[in-house]
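One structure below.
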Amino acid sequence: MTQKTDTEPNSRGMEGPRRQAFELMAKPAGPSCNLDCRYCFYLDKKALFPKREWRMSDVVLETYTREYIASQPGPSVAFAWQGGEPTLMGIDFFRRALDLQRTYSSGKQISNTLQTNGTLIDKWWCEFLSRNHFLVGLSIDGPDTVHDRHRLDRTGRPTHARVLESLQMMQKYGVEVNVLATVNRESARHPLEVYRFFKAQGVRFIQFIPIVERAGGSGEAPAAPVTKWSVRPQDYGEFLVGIFEEWVRNDVGRIFVMNFEWTLGAWAGLPAGVCYLAPRCGLNLIIEHNGDIFSCDHFVYPGYRLGNILEDDLREMVFSERQMAFGASKETGLPAYCRGCDVLFACRGGCPKHRFGRSPGGEPGLNYLCSGFKRFYDGVHPYMNYMVKLVRNGLPAAEIMKIDVAALSGDPARP
């Protein structure tokens, strides 16, 4: 689950960045999970922690809570809990987390998000999450024919029925739930089936996440081919366009597909709503269960370990020259092909994890999903132009549903 952050470092030197907010997403159960999803990139991280003690200790939890709150310059602090599967830690762990947040809040407003596969959610979890206003990101890929192809438990059994039951239970208890749906090679062929399934379940917030993984799971093996379940670039673009064409006719302002919301923001000239669409990255880091700090969720490799929260100063790690260079390389490493692209303002080259392709001229660093991004942005730009005009004239973007959107040829010029 993603949240809007200020991801562009101040160019005036270290004093500017040191006053910035950043995100430090926690992996309290490390890479451990009760599922064995075929496309999961994080299960392999167990090799980094051979002691197999994948539980955040009380001392790490307290240090993380205290230092993270103290390091944030603004009036609010967002804690994000992810995995692996964080609910493996049990409710008592999160009760302790909330107690520590209250102890060290210093008057700041604290919020919590939890990403889960949903299979361990019961009424006790629902009561806890609802009472404490957690925003839950639920991983579900669509109907059972889509979801159960890859999202299996550790005994090889399908999980869709359990996850759907959890979704309905959380809705009943008033838990705020967003859906996180991966787009893999198979599901990309069923955009409307996936989208209409979520609509039928009363889901209002959806994020579509492309599966792009290389054989062996190593981000440090640039020559490795993509796995057989990785989405094909053009299929990803067609998937988004297929859903967008139904959404823009029927659901604007009713269902919030974050991929479309972020795109509209880019057309309106707003700051990026998610790190991988920002000009630079580096301010969305990870704390592992043992206190290790890594540059990014997608770069949990030894070469990107910045230190440990029990031994090193948090802000020194976050705003170190090394981490600032990591974040800046997203922009400085763009191929010339990208720098001349008319949709660069929207995609910003995508996530650095996926930049293992080559441009038509043979230059390295092209995002694997480039053609898919282009297909999507080219397909939606007339509608984005129109919605931006509506908003700038004081009207809701949903007014676009009152016109014949099929007749929108639009001005092909980008903002």
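The values are calculated or read from the model by the stated rules, or taken from the named source; none is laboratory data. Given the structure is predicted, the values throughout are model-derived calculations rather than measurements. When we count neighbours, we look across all protein chains shown, and the Cβ atoms used for this are built from the backbone with ideal geometry, even at glycine. Ligands, DNA and RNA are excluded from the accessible area calculation, which covers all protein heavy atoms including side chains. Shrake-Rupley method; radii C 1.70, N 1.55, O 1.52, S 1.80 Å.
If a residue must be without any contact (Cβ under 8 Å) to a residue 60 or more places away in the chain, open to solvent by 80 Å² or more (accessible area, probe 1.4 Å) and within 18 Å of I209 (Cβ to Cβ), how many such residues does the stretch 30-71 contain?
0
If you take the residues of the stretch 356-375 that are part of a loop (DSSP other than H, G, I, E, B) and hydrophobic (A, V, I, L, M, F, W, C), which of them is surrounded by the most Cβ atoms within 10 Å (Cβ to Cβ)?
For the stretch 356-375, the residue satisfying everything is L369.
Hey, any hits in the stretch 87-103 for a residue that's farther than 29 Å from H190 by Cα, of a type outside the set (V, I, T) and not in a helix (DSSP H, G or I)?
Yes, some residue in the stretch 87-103 is farther than 29 Å from H190 by Cα, of a type outside the set (V, I, T) and not in a helix (DSSP H, G or I).
Output the number of residues of the stretch 122-157 satisfying the condition of being open to solvent by less than 40 Å² (accessible area, probe 1.4 Å), under 16 Å from M169 (Cβ atoms) and assigned to a helix (DSSP H, G or I).
5
List every residue pair whose Cβ atoms sit under 6 Å apart, with the two residues 6 or more apart in sequence or on different chains, where the first one lies in the stretch 290-309 and is at negative phi and the second, anywhere, is open to solvent by less than 20 Å² (accessible area, probe 1.4 Å) and among the basic types (K, R).
V300/K45
Could you pull out the residue among D378, D342 that is surrounded by fewer than 17 Cβ atoms within 10 Å (Cβ to Cβ) and in a helix (DSSP H, G or I)?
Of D378, D342, the one residue that is surrounded by fewer than 17 Cβ atoms within 10 Å (Cβ to Cβ) and in a helix (DSSP H, G or I) is D378.
Across the stretch 232-258, what is the number of residues that are among the acidic types (D, E), in a helix (DSSP H, G or I) and either modelled with pLDDT under 95 or buried (at least 16 other Cβ atoms within 10 Å of the Cβ) (or both)? Let's see the steps before the verdict.
Filtering the stretch 232-258 down to residues among the acidic types (D, E) leaves 235, 238, 245-246, 251.
After this cut, where a residue has to be in a helix (DSSP H, G or I) as well, the list is 235, 238, 245-246.
From what's left, either modelled with pLDDT under 95 or buried (at least 16 other Cβ atoms within 10 Å of the Cβ) (or both): 235, 238, 245.
Residues meeting the conditions: 3.
Considering only residues that are modelled with pLDDT of 95 or more, part of a loop (DSSP other than H, G, I, E, B) and more than 14 Å from Y68 (Cα to Cα), which ones fall in the stretch 291-302?
Matches in the stretch 291-302: S295, C296.
Output the number of the condition that W229 fails; it satisfies all remaining conditions of (1) touching a His at 6+ places or on another chain (Cβ under 8 Å); (2) open to solvent by less than 20 Å² (accessible area, probe 1.4 Å).
(2)
What are the residues in the stretch 183-210 that are assigned to a strand (DSSP E or B) and open to solvent by less than 20 Å² (accessible area, probe 1.4 Å), if any?
If the condition is that a residue be assigned to a strand (DSSP E or B) and open to solvent by less than 20 Å² (accessible area, probe 1.4 Å), then V183, I206, Q207, F208 are the ones that fit.
For the stretch 298-308, check the following and say yes or no: at least one residue is open to solvent by less than 40 Å² (accessible area, probe 1.4 Å), more than 16 Å from the chain's Cα centre (by Cα) and small (G, A, S).
Yes, some residue in the stretch 298-308 is open to solvent by less than 40 Å² (accessible area, probe 1.4 Å), more than 16 Å from the chain's Cα centre (by Cα) and small (G, A, S).
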